[in-house]
Number of protein chains: 2
Amino acid sequence: MILVADNFQITHPIVRSALASGDPGQLNEWVRRIEAADARMMDLNTGPLGKGAAQKMTFLVRAVEAITELPLLIDTANPEAMRAGVGVARGKVILNGFSMEPDKLERILPLAAEYDVDIIGYLLDAKGRPPAGADERLALAVELHRACVAAEVKQEHLIIDPVVAPLLWEDGRERNRAVLEVIRTLPEVLGHAVRTISGLSNLTAGARFSDQQMSMECAYAAMLAASGLDMLLLNMFHTETVRVARACDAFLSEKVFTWQTA
Amino acid sequence: MILVADNFQITHPIVRSALASGDPGQLNEWVRRIEAADARMMDLNTGPLGKGAAQKMTFLVRAVEAITELPLLIDTANPEAMRAGVGVARGKVILNGFSMEPDKLERILPLAAEYDVDIIGYLLDAKGRPPAGADERLALAVELHRACVAAEVKQEHLIIDPVVAPLLWEDGRERNRAVLEVIRTLPEVLGHAVRTISGLSNLTAGARFSDQQMSMECAYAAMLAASGLDMLLLNMFHTETVRVARACDAFLSEKVFTWQTA
């Protein structure tokens, strides 16, 4: 699994401060820490960005690309900010993302065709709600795929996110079992390989951080891996979860494995 | 997954000492520690036991059953010791186990019919070797199933062990991917549900214990769970592995889940 850092968020004080001051240097240490945790991609979760969204996104993408060469996920629901981000980026970017919500189909999805880049499609219905069962999710995946074809987005640019549910939800576990099933069965349903991504932090949203939370993350990360997940979005500072995710790769990949002797 | 302790082994000094002295009281603390780690079954790995095997097994089963009510796996390749163990046990036992090796088919398997108990069937060929690929393993599972039918062992008494390989083996990871596939596809191949068990400690055999070893155990335990494993044999004192295995159950079972507030 490709590990994607979810640590860069607009709510983080350093990110807010850099944006407010216009000083990109403030981001140096934060971005380097995320990179040093061995992330292979970084999600720029900027939110809608409000007034001056395009300029703000331009500032953030330029600032981050000046520090790291990691591919970036441009994570905003604001089409203007999204266009600014993908337009200014010099390196590889992924649009994060669209769903069957009309605004996103009309204003986000076409950017993937225009800029010829990957785009994440969420298994959310036209009202932005995640369906409970695996069958409804698989039906939505087919709809997202059709929307890509209609928008002339290349089939191989679509990355499906089946939407992990918080375990605090009464039916959270059932939903997360459905997520595993969706990942396992998507290639068969679509009739071709398709990349998948899951956001692990959703799982423990609202829960006090604890050993139990870490164990739940570790367990679910490995079950996602066993189900065939391609990209895992997570807090790269959760050391044990990262270690377990890497261990899954050691099992599932063809790379040479050795026990560390250090 | 039912967690089965693999901690009770004839090589352990306490077990050797209790057996040599004939004092069952020496086992009290050790067995209670295993039970307190929240094992749901305990493997009595006695080895062949040599001279006086039947008496020794009788002593051990009586001693352990005096301390705990956990179901016991009688783990020996010695048919006399196996008969003594299953014969003397008052509680639930599982025979561990048989394979396509002629001696085991002839002398161990019939005990499962005679005493009407569960028996573990290892996916090992007639020479006791584990085949590398999933297809050969599945073919062996069909052979084990036929052997049960021939020996009049009830179909539901068979528990399949696809034999986890040490990661130190050059093809260890390929073999362990095959194990996951076998667990996932067995019900389809046999045409009915069948219980499965895996011994997790095999994975890290020969490796120095380390954080990496623990992460590999955690990762593989969760991948086994995601593949549908029923029983996991492991070192119950590997706290993090046990926590992750329990977390998998929290995802996969229908039991009520709550975040611990302690």
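The values are calculated or read from the model by the stated rules, or taken from the named source; none is laboratory data. What you are looking at is a predicted structure, and each value in this text was computed from that prediction instead of being measured. With ideal geometry, Cβ positions are generated from the backbone for all residues, glycine too; neighbour counts draw on all protein chains shown. What goes into the accessible areas is simple: the full protein's heavy atoms, side chains included, and nothing from ligands, DNA or RNA. Shrake-Rupley method; radii C 1.70, N 1.55, O 1.52, S 1.80 Å.
Across the stretch A:241-250, a minimum of one residue is classified as among the polar types (S, T, N, Q), in a helix (DSSP H, G or I) and crowded, with 23+ Cβ neighbours inside 10 Å.
Taking every residue in the stretch B:232-247 that is within 13 Å of chain A (Cβ to nearest Cβ) and pairing it with any residue that is open to solvent by 10 Å² or more (accessible area, probe 1.4 Å) and part of a helix (DSSP H, G or I), at least 6 positions away or on another chain, the pairs with Cβ-Cβ distances below 6 Å are B:Glu240/B:Met214. Restricting attention to the stretch B:148-160, the residues that are open to solvent by less than 20 Å² (accessible area, probe 1.4 Å) and assigned to a helix (DSSP H, G or I) add up to 1. Consider B:Ser201 carefully, then state whether it is open to solvent by less than 70 Å² (accessible area, probe 1.4 Å), at the interface with another protein chain (Cβ under 10 Å from one of its Cβ atoms) and among the hydroxyl-bearing types (Ser, Thr, Tyr). No, not satisfied.
The condition (being at negative phi and modelled with pLDDT of 95 or more) is satisfied by just one residue among B:Leu203, B:Leu233, B:Leu252: B:Leu233.
Do we have any residue at all in the stretch B:187-198 that's within 14 Å of chain A (Cβ to nearest Cβ), modelled with pLDDT under 95 and within 16 Å of the chain's Cα centre (by Cα)? Among the residues of the stretch B:187-198, not one is within 14 Å of chain A (Cβ to nearest Cβ), modelled with pLDDT under 95 and within 16 Å of the chain's Cα centre (by Cα), which makes the answer no. In the stretch B:163-172 there is no residue that is farther than 28 Å from A:Asp249 by Cβ and free of Cβ contacts under 8 Å to residues at least 40 places away in the same chain. Quickly run through the stretch B:171-198 and pick out the residues that are outside any helix (DSSP H, G or I) and open to solvent by 30 Å² or more (accessible area, probe 1.4 Å). Hits for the stretch B:171-198 are B:Asp171, B:Gly191, B:His192, B:Ala193, B:Arg195. Could we say that B:Gly199 is closer than 24 Å to B:Leu109 by Cα and either aliphatic (A, V, I, L, M) or out of contact with any helix residue (DSSP H, G or I) (no Cβ under 6 Å at 6 or more places or on another chain) (or both) here? Criteria met by B:Gly199.
Taking (1) touching a Lys or Arg at 6+ places or on another chain (Cβ under 9 Å); (2) on the phi < 0 side of the Ramachandran plot; (3) among the hydrophobic types (A, V, I, L, M, F, W, C); (4) open to solvent by 10 Å² or more (accessible area, probe 1.4 Å) in turn, A:Val163 satisfies each apart from (2).
What about A:Glu254, is it at the interface with chain B (Cβ under 9 Å from one of its Cβ atoms) and surrounded by fewer than 16 Cβ atoms within 10 Å (Cβ to Cβ)? Against the criterion (at the interface with chain B (Cβ under 9 Å from one of its Cβ atoms) and surrounded by fewer than 16 Cβ atoms within 10 Å (Cβ to Cβ)), A:Glu254 qualifies.
Considering the stretch B:25-49, and only residues there that are assigned to a loop (DSSP other than H, G, I, E, B) and of a type in the set (D, E, K, R), the residue that is surrounded by the most Cβ atoms within 10 Å (Cβ to Cβ) turns out to be B:Arg40. Taking the condition open to solvent by 20 Å² or more (accessible area, probe 1.4 Å), of a type in the set (Lys, Arg) and under 27 Å from B:Asp211 (Cβ atoms), does A:Arg208 pass? Against the criterion (open to solvent by 20 Å² or more (accessible area, probe 1.4 Å), of a type in the set (Lys, Arg) and under 27 Å from B:Asp211 (Cβ atoms)), A:Arg208 qualifies. Taken together, the criteria place B:Leu229 among residues that are closer than 17 Å to B:Ala134 by Cα, surrounded by 18 or more Cβ atoms within 10 Å (Cβ to Cβ), of a type in the set (A, V, I, L, M, F, W, C) and within 14 Å of chain A (Cβ to nearest Cβ). Checking B:Ser215, B:Ser210 one by one, the residue that is facing chain A (nearest Cβ under 8 Å), modelled with pLDDT under 95 and within 18 Å of A:Leu224 (Cβ to Cβ) is B:Ser215 and no other.
Going by what's in this entry, would B:Ile94 be described as touching a residue at least 60 places away in the same chain (Cβ under 8 Å), among the β-branched types (Val, Ile, Thr) and either open to solvent by less than 30 Å² (accessible area, probe 1.4 Å) or farther than 30 Å from B:Ala247 by Cβ (or both)? In short, yes.
When every residue of the stretch A:54-64 is checked against the conditions, none turns out to be at negative phi, in contact (Cβ under 8 Å) with a residue 24 or more places away in the chain and not in a helix (DSSP H, G or I).
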